[in-house]
Amino acid sequence: MKKSQLIVKTLVVSMLLLGGAVNANAQLGGLKGLAGKAKKAAKDKVEQKIDDTKNQAVNNAADAAGIPTGDAPDASNVVWRWNGKEADWGEWAPNLTFNGDRKSDAYKMQVAAHMKIFKEIFPNLGTTTAFGLTDYVTIGADKKIAVPIDELPRYAWTKAFVDNPTLDNFKVFAMVLLYDTPTYMIYLQYMMADKTKGVVNANKGWMLPWASESDMITERRNREDYAIEIAKKKIALKDICEYAVMQYQNAEAAIQQGSVSLAHGYFLAEALKDRIIADHPQYSATDENVRKVELEAAKWAQNNNAMYVKMVEVCGVANMKPVDMPSGVNVSADIKTNGDAAAKKWAQTANLEYVKTIYLESSWHTFKNPKYPYNITHYSVPVAVICKQGDKYVMQKMDLQKTVKGQYGVVQALGAKLQPVNYK
């Protein structure tokens with residue numbers, strides 16, 4: 001055989017063999033493709049099963065809440081963390097649940113935790129001071145899982161409303177909205193050794209049950225947003241509006257009564273207005289109930305600074321420890337008669353019940369213009385005005401002043417604030 005023929009035959013055989021290999025690879029690739037499709041189909045089936053499970057959970061929650069399934073809020077991101085065994089919670093188990101009984105010890109504990117936080121934040125309003133939440137409850141067998149104390153009301157009240165979305169339970173859940181208002185968000189800080197890792201106290205080995213503070217906030221937001229969606233579909237707009245109006249009025253009552261528990265009404269009403277009422281499916285700007293809410297809101301907006309400052313001042317007094325009564329001195333009949341009258345007039349304008357005026361000095365201080373011809377501007381005597389604010393006695397240190405024309409009046413002493421006093 002010639003060398004050229006051998007080369008040609010060799011090339012032909014090689015081509016045949018290569019073609020066979022190509023065909024085999026093509027067949028193998030086809031088999032791999034079929035296997036991939038089967039694998040994808042199986043994966044899709046598993047994912048579909050997961051989605052079906054989530055959808056079923058949503059449907060179950062919607063059914064329990066009395067919401068048509070087709071209009072149900074998305075519950076796929078909601079985690080009800082404390083649904084585990086009671087042994088996992090230890091002694092705090094009853095306090096992380098709420099069955100609607102407002103007379104129960106669990107509810108009283110939740111309210112106490114809520115009010116403790118509010119009362120500690122409230123006096124700081126308008127300052128640069130942030131209230132650091134250092135109160136945690138420890139759970140688990142080794143007491144190393146640390147849960148912020150505000151979780152007691154936030155979790156229990158939200159879960160109770162979702163499980164049984166009645167109007168009464170909504171009014172309890174609504175208090176949770178305070179924690180996400182700008183007021184709370186600014187002043188309520190969680191004190192932790194490492195927020196990014198959920199380490200509360202490294203020395204004690206306390207850890208959050210969440211991986212980080214951010215995870216905790218996200219979980220809470222998801223469950224509370226879910227409850228809000230249920231509220232918008234289950235609670236009538238009229239009822240929510242009436243509750244918001246009542247909260248605005250509670251804030252006004254706080255000014256009159258010095259009640260910290262009523263003072264949060266303003267912030268709660270604002271949260272109801274912005275987060276639920278404005279997005280309620282029954283909302284209409286011309287709705288009579290909506291207009292009542294807007295009227296109350298406008299009243300606060302018009303006098304916001306004055307009303308807000310007054311509320312902070314009055315309710316701040318409610319949190320202060322009372323001071324002892326100052327010792328007074330005798331003064332002339334002229335000073336006492338006119339001084340008492342001026343103090344009584346001031347008390348009326350301050351919505352306080354006048355009790356008495358204590359004179360801290362017996363003679364006038366003379367004040368002159370610092371520039372020539374150094375005319376006398378007024379005379380002054382330091383006093384302490386005692387009044388009643390609700391059922392408490394309060395004191396305001398003031399200066400009784402008399403003009404050169406003989407007119408009397410009292411002005412707040414520099415740096416002095418209204419404070420509770422041990423009246424005798």
Residues of region 277-310 satisfying the condition of being open to solvent by 70 Å² or more (accessible area, probe 1.4 Å), within 16 Å of A236 (Cα to Cα) and under 22 Å from the mean Cα position of the chain (by Cα): D279
Condition check for A236: open to solvent by 10 Å² or more (accessible area, probe 1.4 Å) and aliphatic (A, V, I, L, M): yes
Near pairs, Cβ below 6 angstrom, 6+ apart or cross-chain, from region 123-147 (at pLDDT 80 or above) to any residue that is surrounded by fewer than 17 Cβ atoms within 10 Å (Cβ to Cβ) and assigned to a loop (DSSP other than H, G, I, E, B): T134/M191; K144/G205
Filter pass, K310 being assigned to a loop (DSSP other than H, G, I, E, B), of a type outside the set (S, T, N, Q), out of contact with any Asp or Glu (no Cβ under 8 Å at 6 or more places or on another chain) and modelled with pLDDT under 90: no
Residue list for region 239-261, filter: part of a helix (DSSP H, G or I), of a type in the set (S, T, N, Q) and surrounded by fewer than 23 Cβ atoms within 10 Å (Cβ to Cβ): Q249, N250, Q256, Q257, S261
Selection count where residues are of a type in the set (G, A, S) and under 19 Å from D180 (Cβ atoms), scope region 102-159: 4
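The values are calculated or read from the model by the stated rules, or taken from the named source; none is laboratory data. Keep in mind that what you see is a predicted model, and the values were worked out from it rather than measured. With ideal geometry, Cβ positions are generated from the backbone for all residues, glycine too; neighbour counts draw on all protein chains shown. Each accessible area value is taken on the protein alone, full model and side chains, heavy atoms only, with ligands, DNA and RNA left out. Shrake-Rupley method; radii C 1.70, N 1.55, O 1.52, S 1.80 Å.
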